[in-house]
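This report refers to the structure that appears directly beneath it.
The values are calculated or read from the model by the stated rules, or taken from the named source; none is laboratory data. Here the structure is a predicted model, which means the values were calculated and not measured. Here Cβ is always computed from backbone atoms with ideal geometry, including for glycine, and neighbour counts include all displayed protein chains.
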Amino acid sequence: MIGTLGPSSTYDLLSTRRTQIREIQDRLNNASLEVATGVKADVYKSLGFGSTEVLALRAQVERNEGFIASNQLLSSKLDVTASTLNGIRSIAQSFLNDVTPNVNAPTASAPDLQAAAISALEQLTGQLNSTYQGVAIFSGIDSDQRSLQGWNQADATTGLSPSDVLASVIGAGFTGATDATNKANAIVDIFANADVAQPDRNFEATFYNGAPLLQSGGASTPRLQAQIDKNTTLEYGIQANDQAFRDVMRGLSMIASTDVSAISDGAAYEVWMSNAVDALGQGVSGLIEVESKLGGQQQQVSAKIAAQQNLGDIFNARVNDLEGVDLFEAASRVIELETQLQATYTVTSRLSQLSFLDYM
């Protein structure tokens, strides 16, 4: 018995070959993409249940990069603060060097001290009114406020300028050592915000515009804070009403407010000048402590950035392990698929040229 073979239609064969070509072309495109990028073309399909690890790692990478960016910004702000502090201390130390020889009695430089003190105050005020990205550095949490009033600039609330406050204390001058002592003590109270009788004269009322040291209820005003990692909050920030700055400004203000060379009473002169120089000396020592504390904060932030960058490298290496491809294997697939595609094209081309006459 002779059997018969039912031939497939040429159209069906061509349709099947075209489908195969599309499939091979898609696989070739994916393989080529993997060779070009080094990453699986469809990560989640390739990993299956392992894709949850990639998602978790990606979230950790993003969070870690966010901390690095914010900490680098904080580091830059602290660097600017440190540089400004160094300039402030240089101003104070330079004036202290000039005034110290005049403590017990005026020397030839005494007539120039008042102008030099005013100049130093103006420089100091300019430095303490520094901003970083439009935000006041030395105003604490009230960073939208300019830190200090100018020496001759009246405060909008009290109507007084710092020079007005000092003038109200000194009055017509000094009648003796006791008078000089009382007036020096009054200035101590003003810079300590302790002038109860005339509170408008207090440092935080007329001299300083930023966040006060104490809130209305007596609790300490919070300092600036930064979340430097998920478990660590860094309290930072230096304010122009910190003790070191108040000491420096008290000493400068005492000399800026009067021509010390015109104080005729020797005992009064010595009391006034010794109080001013002591305040300046305490202020300079305090500034060194402030710089040291700031340096510790800078080191903490720098160490955190370095640790986070190392952690980022670890995260990225693991992500690459999961998402990456073996380039040699991917390149081999490209060659294999190109060969298959070429063969399929050849067969399809031959099929497309067949006609009924080929079977006669």
Exercise for the section: For Thr221, indicate whether it is touching a residue at least 24 places away in the same chain (Cβ under 8 Å), surrounded by 20 or more Cβ atoms within 10 Å (Cβ to Cβ) and more than 22 Å from Pro101 (Cβ to Cβ). Expected result: no
Handout entry: Options Gln215, Gln227; residue that is of a type in the set (S, T, N, Q), in contact with a strand residue (DSSP E or B) (Cβ under 6 Å, 6 or more places away or on another chain) and in the same structural domain as Ala92 (by TED's automatic domain parsing)
Key = Gln227
Exercise for the section: Among residues belonging to region 80-130 that are outside any helix (DSSP H, G or I) and out of contact with any helix residue (DSSP H, G or I) (no Cβ under 9 Å at 6 or more places or on another chain), point out the one that is nearest to Thr206 (Cα to Cα). Expected result: Asn129
Handout entry: Restricting region 227-240 to residues that are within 22 Å of Asn129 (Cβ to Cβ) and among the hydrophobic types (A, V, I, L, M, F, W, C), the residue that is surrounded by the most Cβ atoms within 10 Å (Cβ to Cβ)
Key = Ala240
Practice task
Looking for whichever is more than 15 Å from Ile314 (Cα to Cα) and modelled with pLDDT of 90 or more here; the options are Thr52, Thr81. Which one fits?
Solution key: Thr81
Fill in the blank from the handout: Screening Ala120, Ala115, Ala177 for residues that are within 30 Å of Gly266 (Cβ to Cβ) and surrounded by 18 or more Cβ atoms within 10 Å (Cβ to Cβ) leaves only Ala120
Fill in the blank from the handout: When region 211-252 is checked residue by residue, the ones that are among the small types (Gly, Ala, Ser) and under 24 Å from the mean Cα position of the chain (by Cα) are Ala211, Ser220, Ala226, Gly237, Ala240, Ala244
Problem - First in region 230-252 and over 17 Å from Gln298 (Cβ atoms), second anywhere and surrounded by fewer than 24 Cβ atoms within 10 Å (Cβ to Cβ) and polar (S, T, N, Q), Cβ under 6 Å, 6 or more apart - result: Asp247/Gln282
Practice task
Starting from region 132-156, keep only residues that are in the same structural domain as Tyr208 (by TED's automatic domain parsing) and at positive phi, then list their pairs with residues that are modelled with pLDDT of 95 or more and not in a loop (DSSP other than H, G, I, E, B) whose Cβ atoms are within a distance under 7 Å, requiring at least 6 positions of separation or different chains.
Solution key: Gly140/Leu224
Handout entry: Options Ser261, Ser253, Ser257, Ser274: the member that is of a type in the set (Ser, Thr, Tyr), in the same structural domain as Leu166 (by TED's automatic domain parsing) and surrounded by fewer than 16 Cβ atoms within 10 Å (Cβ to Cβ)
Key = Ser274
Problem - Enumeration of residues in region 224-263 that are hydroxyl-bearing (Ser, Thr, Tyr) and within 30 Å of Arg63 (Cβ to Cβ) - result: Thr232, Thr233, Tyr236
Handout entry: Tally, over region 187-225, of residues that are more than 30 Å from Gly171 (Cβ to Cβ) and among the basic types (Lys, Arg)
Key = 1
Handout entry: Test for Ala205: is it buried (at least 20 other Cβ atoms within 10 Å of the Cβ), under 24 Å from the mean Cα position of the chain (by Cα) and in contact (Cβ under 8 Å) with a residue 40 or more places away in the chain
Key = no
